[in-house]
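The values are calculated or read from the model by the stated rules, or taken from the named source; none is laboratory data. Here the structure is a predicted model, which means the values were calculated and not measured. All Cβ positions, even for glycine, are placed from backbone atoms using ideal geometry, and neighbour counts span all protein chains on display.
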Amino acid sequence: MMTDKLRILLIIAVLCYFGVILKLLKDKALSLKYTLLWLFSGVVLGLMVLFPGALAYIIHRFGIYSEMNGLIFLCIGFLIIICIALTSIVTRQNKKIRVLIQEVAIMEKRLREVENEKE
């Protein structure tokens, strides 16, 4: 079970986490749609800190009887979900960049053709 001192420390850490995420959003270092992923993970962390019994219940429902092993299992699963979401974002950005490069190349070609016609 979690001691009160550890729970208070973890609550402060989660609040600091939210503060950092919101500061990055305010400074426009993160866009809103990507910030939602990190805010969701903060909510999950906060719920785990506030209700550690629920975490133990979920772990036992998976058939894992060591809470540490279950916690590591859930953390790895959560990190995989975040990696998949971030990979999806990178893939979409890559497609947009590729289309943009092609459009710029077409415009440069047309510009050269117009310049050659003027000469």
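I'd like the residue in region 1-48 that is more than 15 Å from the chain's Cα centre (by Cα) and small (Gly, Ala, Ser) and, out of all such residues, is farthest from LEU86 (Cα to Cα).
Step one: filter region 1-48 for residues more than 15 Å from the chain's Cα centre (by Cα), giving 1-16, 19, 23, 26-28, 46-48.
From the residues that got through so far, the ones that are small (Gly, Ala, Ser) too are 13, 19, 46.
Working: ALA13: 24, GLY19: 21, GLY46: 22 Å.
The residue in question is ALA13.
What pairs come out if I take residues in region 72-86 that are in contact (Cβ under 8 Å) with a residue 40 or more places away in the chain and pair them with residues that are part of a helix (DSSP H, G or I) and surrounded by 11 or more Cβ atoms within 10 Å (Cβ to Cβ) whose C-beta lies under 7 Å away, six or more apart or interchain?
ILE82/LEU37; ILE82/SER41; ALA85/LEU37
Assuming MET2 fulfils every condition listed in (1) modelled with pLDDT under 90; (2) not in a loop (DSSP other than H, G, I, E, B) apart from one, which condition is it?
Exception for MET2: condition (2).
Which count do you get for residues in region 12-52 that are within 15 Å of LEU74 (Cβ to Cβ) and surrounded by fewer than 16 Cβ atoms within 10 Å (Cβ to Cβ)?
Qualifying residue count, region 12-52: 5.
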